[in-house]
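Starting off with a structure, shown below.
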Amino acid sequence: MSTEIRQAFAHPAERAIATAADGPVDRISLRDHIVEVEIGAFQSERGTTQRICFNIVVEVQPIVGLIDDDVDRILSYDRVTEAIATELAEERVNLLETLAARIAERILLEPQALRTFVRIEKLDRGPGALGVEIVRSRADLGDAATDAEHLRPHPRVVYLSNDALRSEHLGTWIDALQSQTAPLILTVGLPDGPRPKVTHPLAQRRIDLLAIEQNGWVLAARDTRCKVVSTRTELDWAMKNGQVCVWAPSKIVLDAVDGPKSAFSDAVALTTWFAAMMEASELLSIGADVPPSDHVSVRNAPIGETVL
């Protein structure tokens, strides 16, 4: 028991050695890699950064024959730190467990990687280090990681003005759009009429985003094929399964590392940012003029015209 406890609190390298399968493997490790980042589920953790410590071990297939001092034949340490940096830049996350799983998955995309131990600890949330440790192998992930990384769909994002949202042609438009091969994500703007106004900018941003989401629920009520979704995970699942999505922006916008530069009340600019983030095949706007973008193909369709 004492050995198990010691291994549990030692560097992940000791667990890797203790749980190794038969046959030789090589290991590379990253120790005490500290990054300052905004993370956490509590409101007190928003708008501030904290120190996060990473300890990672990657088991790799031994190289047969001479290495010849060729860096391309080995799994570089840089690939491990890049996996951390990439996932931290992807979006703001609430849970260390989520971050650890994503980093492990990205590392296992490397052809040399067989198994990885990922330990992440918060250093500033108490008198000690608070963290999680996970173990993942290539066998655990199967082909899912490769599919998610390389076969991510490119949706068609369609912005509906309030006039379009009320149009009697709405169902026909959705029929036509859904018949296309690209997954369909619908977005809307602020509803007509007044909404609360406050002097605190962060509070006003949330009010504006929630107002857009209320309008999204109006769309979902008009056509039951439309499902309101708020997370990237939900969007990815919906696109793979042919579901028509209505984007609820609050979570993705507030969690974004490189969020939209426009006011959150500017729903057209917000949709343009979202379409670029999703690597959309097209941004189609019905009933509103969307300016051209350097990051996504934009097309405007007046109400009453064919949208395809």
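Just so you know, all these numbers are worked out from the coordinates, no wet-lab data involved. All values derive from a computational prediction rather than experimental measurement. All Cβ positions, glycine included, derive from the backbone under ideal geometry; neighbour counts span all protein chains shown.
Residues with amide H under 5 Å of residue 303's amide H, sequence separation 5 or more or different chain, H placed in the peptide plane at 1.01 Å from N; which?
Under 5 Å from the amide H of residue 303: 287.
Can you put 251, 240 in order, fewest other beta carbons within 10 Å first?
240, 251
Counting only residues 5 or more places away or on other chains, whose amide H sits under 5 Å from the amide H of residue 27 once H atoms are built in the peptide plane?
For residue 27, whose amide H was placed from the backbone, the distant partners under 5 Å are 60.
Something else: Mind ordering 106-113, 270-277, 195-202 by average Cβ neighbours within 10 Å, highest first? Walk me through the intermediate numbers first.
Numbers: 106-113: 18.4, 270-277: 23.8, 195-202: 9.5.
Ranked from most to least packed, the peptides come out as 270-277, 106-113, 195-202.
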